[in-house]
Amino acid sequence: MTRTITRAVGLVGLILASLAAAGSAAASDRPPGALTACVVGDNPPFSSASAEGRGIDVDVAQLIAQQLGRELHLQWVRVPARGGIGRALKESIQSGTCDVFLGIPDAQEMATELRERHLASTRAYLAVGYLLVSPPGSKPATIRDARRVKRLGVSTATPADLFLYKEHFNRVPYGNNRDLLVALCNGEIDMALAWSPAIATLRADGSGAQVVIASEQPDDRSLRTGLAIATRLADSEMTRQIDLAIQRLQADGSFANLADRHGLPYMAPQ
């Protein structure tokens, strides 16, 4: 019995030693003084480990690091199908893999989850949402135009679809935003209420480069959300510095220029 207990204690000791060594190895991979940013490895146009441009969030992280006077170190993460963003946070910033995690929705449900994980959030640096767009070559449309058209396309089962249904627009449902925007460019529909990142993705491959953003957009909070940066609650001073950096970068137009370079229609956070 004593031997069994001794072996068990020894095994636990080996496991703990292995975990400690693994943690030390991970920490040693991070350059001293660098800002280590977690970004999702497959989330274009915001981040992509395989794309040449790496994405909007990588550029945002670089701008933030420059503002803080620190080198940027990227840590690519995966959002699993089971567990989603919560599990991704747990396995990355919550476990100490990185200092910040970009692309966090600026929403009340997410704020609650962050607090439960002893994490905080900065102010939003960009906003994304559903935008009224019209076909290539047309004039910028208005809400009144959108109410008059017979075929206003939308991706089904989305906040945009619900909005058009509740407001009694003549909506035409599509399975996804790519098909929706291609249909708009092909003249199959008159206008569309489309997801802004989808517009950027199609602009990148040339499929929807010339869609025209409407001059007037629906005033409904369900159609847009801000994107923020997750930090640890214990790093309150760094969070404050990042907030100040975001303010400066918004004020000097850096984020608007960045969005434009990536084909993302710029939406200022509210």
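Observations on the model:
- For the stretch 110-127, 3J(HN,Hα) per residue [Karplus equation, 6.51 cos²θ - 1.76 cosθ + 1.60, θ = phi - 60°, Hz, x = Gly/Pro]: 5, 4, 5, 5, 4, 4, 5, 9, 6, 10, 10, 9, 7, 5, 5, 9, 9, 10
- Selection from 119, 48, 130, by position along the positive dipole direction of the stretch 31-150 (Cβ): 130
- Normalised by the number of residues in the chain, the mean separation of alpha-carbon contacts (under 8 Å, six or more apart) gives a relative contact order of 23 percent.
- Tensor-based shape of the stretch 28-130 (alpha-carbon gyration tensor, a/c under 1.5 rounded, otherwise prolate or oblate): rounded
- Each residue of the stretch 255-270 was assigned a 3J(HN,Hα) from its phi angle through the Karplus curve 6.51 cos²θ - 1.76 cosθ + 1.60 (θ = phi - 60°); the sequence is 5, 5, 5, 5, 4, 4, 4, 9, x, 8, x, 6, 10, 5, x, 9 Hz, with glycine and proline shown as x.
- Candidates 160, 259, 34, ranked by Gaussian network fluctuation over the chain, Cα under 10 Å, top entry: 34
- Over the stretch 129-223, Cα pairs under 8 Å with separation of 6+ residues give a relative contact order of 44 percent.
- Between amide H atoms placed 1.01 Å from N, distances below 5 Å from residue 120 occur with 231, 232, 233, all of them 5 or more places distant or on a separate chain.
- Amide hydrogen proximity for residue 93: with H placed 1.01 Å from N in the peptide plane, the residues at 5 or more positions away or on another chain lying under 5 Å are 98.
- For residue 108 and residue 71, a Förster radius of 51 Å and the Cβ-Cβ distance give a FRET efficiency of 0.90, rounded to the nearest 0.05.
- Helix-only [θ]222 nm of the chain, DSSP H runs n ≥ 4, -39500 (n - 2.57) each, per residue, nearest 500: -13000 deg cm²/dmol
- Stretched out straight at 0.36 nm per residue, the stretch from residue 144 to residue 81 would grow longer than its current Cα-Cα span by 18.6 nm.
- Rounded Å value of the spacing that divides the Cα centres of the stretch 255-270 and the stretch 104-149: 12
- Residues whose amide H falls under 5 Å from that of residue 43, counting only those 5 or more places apart or on a different chain, are 48, 49, with hydrogens built in the peptide plane.
- Across the stretch 236-244, rounded Karplus estimates of 3J(HN,Hα) from the backbone phi angles (6.51 cos²θ - 1.76 cosθ + 1.60, θ = phi - 60°) give 4, 5, 5, 4, 4, 5, 5, 4, 5 Hz, Gly and Pro being marked x.
- Signed unit charges on C-beta, dipole axis of the chain, positive-most listed residue 204, 163, 34: 163
- Any cysteine of the chain lacking a neighbouring Cys Cβ under 4.7 Å - listed by number: 185
- Computed about the Cα centre, the dipole magnitude for the chain is approximately 520 debye when only Lys and Arg (+1) and Asp and Glu (-1) carry charge, each at its Cβ.
- Going from the residue with the fewest nearby Cβ atoms within 10 Å to the one with the most, 48, 95 rank 95, 48.
- Chain lengthening between residue 165 and residue 234 when straightened (0.36 nm per residue, less Cα-Cα): 20.4 nm
- Largest mean-square fluctuation among 69, 41, 226, in a Gaussian network model of the chain whose springs join Cα atoms under 10 Å apart, belongs to 69.
Rule-based calculations on the coordinates, nothing more; no lab input. None of the values given here were measured: they were computed from a predicted structure. Reconstructed Cβ throughout: ideal geometry from the backbone, glycine too, with neighbour counts over all protein chains shown.
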